[in-house]
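Take a look at the structure below.
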Amino acid sequence: MTIRRGLVFAFLLSGLVLGCSRSSRPDARQVKAPALQPKGAEGPDKEKPPTPKKPDNPGPEKVKQKAREKTAPPPPPPPENPRKTATAEEGVVRGAVRWKGPVPPVLTSAEMLVDVRGRAHAVRPAARVQVDPKGGLANVVVYVKKAPPTAEPFNPETVTLVQTKGRFEPHVQVVARDSKLRLRTTDDTADFELTGATALERGLARGRAMLVGLNRLGVVTVRSQDRPWIAPAYLHVLDHGHFAVTGGDGNFVLPKLPPGDYEIVLWHEGWAKGKEEARPVVRTVPVTVGAGRGVEIQWVLPEA
């Protein structure tokens, strides 16, 4: 009896131990495998760090160029033009006008004809830019903008402008205010159109002439309406004699001035640039003259 009870007790105890061990094991059907993530993904809250950018390699030539730019001095300023320098000639303003570069050609055509005593003559217009072999520029008018009170009187006179063989002569003149301008022609017919300080339109036949009063200061331009290819003539009307007109060598000397500050005007009639019409080129240069002091002016055309 005692042995039977011991067997039953041992059987019950082994069953109890076996049940406990089974209950401690997880159910394979309830275990979930962890979710697979793409390779390299680290979750929604973590961003992939940016790839560092490799520095540009400028190469040896670019490095040298940058070094030269840092060490190269700034370009020099353009030379003064007109340029003036002091001289020891008391009260004297002198100088020269030079042309540098190709001279604009004088254009001609078969239509440039005038009649002289009933016969047609081919015309070669006057050159607006007249340069000597050394570069001297002619027909540049140089004058003092406002003459000193001690300036000698500039007396009026009668000057002549002639159209001959399709050209106006003289090409450039300087006259005193209240002078008279005589217009005439050696061609069979001519027309004169005056603009600027004096305005007039008049046609003339050979052997006829007329007088025109020049009563206002300034520049008078004379053209031909019938023959627009004729180079214009110019008359500068001043109230003093402190002026000069460059000759073939391009040099000029003004009459002596008393000590003081002045403005010197340089004027050239200009030249055609492509299809653009010629326009006068004018520059004003301030100068100071005094005891033992003068000024030299150098002007180069065309200006850079």
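The values are calculated or read from the model by the stated rules, or taken from the named source; none is laboratory data. Since this is a predicted model, take the numbers as computed values, not measurements. Cβ sites come from the backbone with ideal geometry, for glycine too, and all protein chains shown count toward neighbours. Heads up: the accessible areas ignore ligands, DNA and RNA and are worked out on the full protein's heavy atoms, side chains in. Shrake-Rupley method; radii C 1.70, N 1.55, O 1.52, S 1.80 Å.
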Quiz prompt | Enumeration of residues in the stretch 144-182 that are of a type in the set (Val, Ile, Thr) and under 19 Å from residue 260 (Cβ atoms) | solution = 144, 150
Exercise. State which residue is nearest to residue 290 (Cα to Cα) when the search covers only the stretch 145-179 and only residues that are in a loop (DSSP other than H, G, I, E, B) and open to solvent by less than 40 Å² (accessible area, probe 1.4 Å).
Key: 148
Quiz item: Are any residues in the stretch 196-236 hydroxyl-bearing (Ser, Thr, Tyr) and either over 10 Å from residue 181 (Cβ atoms) or touching a Cys at 6+ places or on another chain (Cβ under 8 Å) (or both), and if so, which ones?
Solution: 221, 224, 234
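Can you list the strands (runs of 3 or more DSSP E) lying wholly within the stretch 63-122 that have 2 or more residues being aliphatic (A, V, I, L, M)?
Values: elements: 83-87, 93-99, 113-116, 119-122.
It comes to 93-99, 113-116, 119-122.
For the stretch 98-136, name all the residues that are within 24 Å of the chain's Cα centre (by Cα) and among the β-branched types (Val, Ile, Thr).
If the condition is that a residue be within 24 Å of the chain's Cα centre (by Cα) and among the β-branched types (Val, Ile, Thr), then 103, 129, 131 are the ones that fit.
From the list 282, 219, 245, 300, which residue is within 26 Å of the chain's Cα centre (by Cα), hydrophobic (A, V, I, L, M, F, W, C), open to solvent by 40 Å² or more (accessible area, probe 1.4 Å) and closer than 22 Å to residue 167 by Cβ?
Working: 282 fails: closer than 22 Å to residue 167 by Cβ; 245 fails: within 26 Å of the chain's Cα centre (by Cα); 300 fails: closer than 22 Å to residue 167 by Cβ.
That would be 219, the only listed residue that is within 26 Å of the chain's Cα centre (by Cα), hydrophobic (A, V, I, L, M, F, W, C), open to solvent by 40 Å² or more (accessible area, probe 1.4 Å) and closer than 22 Å to residue 167 by Cβ.
Rundown of residues vs (1) in contact (Cβ under 8 Å) with a residue 60 or more places away in the chain; (2) surrounded by 15 or more Cβ atoms within 10 Å (Cβ to Cβ); (3) closer than 30 Å to residue 294 by Cβ, yes/no style:
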{"position": "76", "(1), (2), (3)": "no, no, yes"}
{"position": "81", "(1), (2), (3)": "yes, no, yes"}
{"position": "86", "(1), (2), (3)": "yes, no, yes"}
{"position": "93", "(1), (2), (3)": "yes, yes, yes"}
{"position": "115", "(1), (2), (3)": "yes, no, no"}
{"position": "123", "(1), (2), (3)": "yes, yes, no"}
{"position": "127", "(1), (2), (3)": "yes, yes, no"}
{"position": "132", "(1), (2), (3)": "yes, no, yes"}
Quiz item: Between residues in the stretch 246-267 that are among the polar types (S, T, N, Q) and residues that are not in a loop (DSSP other than H, G, I, E, B), which pairs lie under 7 Å by C-beta distance while being six or more apart or on different chains?
Solution: 246/97; 246/137; 246/252; 251/96; 251/136
